[in-house]
Amino acid sequence: MATADEQAGTPDSTAVRVALWRAMHVLVDPPPHVFVDEIGLQLAAPDEGWRDRPDMDPTGTSGFRAAIVARARFIEDLVAEQAGRGVVQYVVLGAGLDTFAQRRTEIAARMRVFEVDQPSPQAWKRQRLTDVGFGVPEWLRMVPVDFEANESWSERLVAAGFDPGRPAVVVSTGVTMYLTKGATAATLRQLAGLAPGSTLAMTFLLPTDLVDVADRAGLQVSENGARASGTPFVSFYTPQEMLALARDSGFDSPRHVSGASLAERYFADRTDGLRPSSGEDLLVATI
């Protein structure tokens, strides 16, 4: 079902929370910053006092905040790497308040960026981009897809100018937990049919018994909040299960990127104790 936010033409509350956590990293954590994004905060334009919200508590939610910026940094490093290899199509499935096109124009303007999302929140975002002065350049294609009406995101993508004969980098973060495993398998089968040279990065949630004990209470709070907002977590995967799903869908050599490896990559030298919470890993696969 569509959430109340989507029905009202406003962004999903989870998308807003992610944008605010990204901004909070810049506002409350000392440099060096793993990821710099305050544009999402501009788009969300939260009420005064948003920093006093329980889910923005600088200490209590630091692990979640760090995990969000770690995955964002990994994704953008991957996109920059693929762009450097000549890939000129970038697809963001479930784009939310993603701001790559606004922050990284030196890369984005050389590509064609496709943001796929539900029609109503995407229309809201398009208006906000205009309101704050960014607009929607020709190379940014906003692709509305009504998943509730079983619209084909791949067909809509091609209609928006995507060339299935050319390689692409495709990213899906914070989505698989809301989908059945069958729906994710169907998406993977479609993605496995992309042109050779394409790359996929997709996040997934781990079962509770694979989450660090210290992080389990926080995961339960997130799960309860998602259920209360009408978007319950549906699917969890072990790394082996996700790799098998990718192989069965047609990917030859998928790999698992753990949250712990991102912590080592981006946070090892920090002296402030900021570290990502466990619970979300990534699948990376090439075609």
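Look at region 237-264: where a residue is surrounded by 15 or more Cβ atoms within 10 Å (Cβ to Cβ) and a partner is hydroxyl-bearing (Ser, Thr, Tyr), sitting 6+ places away or on another chain with Cβ atoms under 8 Å, you get Tyr237/Thr176; Pro239/Ser258; Leu245/Thr184; Leu245/Tyr237; Phe251/Thr286; Gly259/Ser277; Gly259/Ser278.
Within region 161-186, take every residue that is assigned to a helix (DSSP H, G or I) and without any contact (Cβ under 8 Å) to a residue 40 or more places away in the chain and give me the one that is surrounded by the fewest Cβ atoms within 10 Å (Cβ to Cβ).
At the first step, the residues of region 161-186 found to be assigned to a helix (DSSP H, G or I) are 176-178, 181-186.
Subsequent filtering for residues that are without any contact (Cβ under 8 Å) to a residue 40 or more places away in the chain retains 182-183, 186.
On the way: Gly182: 9, Ala183: 15, Ala186: 13.
So the residue we want is Gly182.
Against the test of being more than 30 Å from Ser222 (Cα to Cα) and among the aromatic types (Phe, Trp, Tyr), the options Phe162, Phe147 yield a single qualifying residue, Phe162.
Once region 139-160 is narrowed to residues that are without any contact (Cβ under 8 Å) to a residue 60 or more places away in the chain and out of contact with any strand residue (DSSP E or B) (no Cβ under 9 Å at 6 or more places or on another chain), the residue that is farthest from Leu194 (Cα to Cα) is Ala149. Within region 82-91, one or more residues are assigned to a helix (DSSP H, G or I), surrounded by fewer than 21 Cβ atoms within 10 Å (Cβ to Cβ) and either aliphatic (A, V, I, L, M) or touching a residue at least 40 places away in the same chain (Cβ under 8 Å) (or both). Under the condition of being touching a residue at least 24 places away in the same chain (Cβ under 8 Å) and within 18 Å of Thr10 (Cβ to Cβ), the residues counted in region 117-138 number 12.
The condition of being in a loop (DSSP other than H, G, I, E, B) and either closer than 30 Å to Gly165 by Cβ or small (Gly, Ala, Ser) (or both) holds for only one of Ala195, Ala244, Ala201, Ala226, that being Ala195. Among residues of region 99-111 being of a type outside the set (Val, Ile, Thr) and in contact (Cβ under 8 Å) with a residue 40 or more places away in the chain, the one that is nearest to Leu43 (Cα to Cα) is Gln102.
FYI, it's all coordinate maths here, none of it is from the lab. It should be emphasised that the depicted structure is a prediction, and the values quoted were computed from it without experimental measurement. Heads up, the Cβs are rebuilt from the backbone with ideal geometry, glycines too, and the neighbour counts pull from every protein chain shown.
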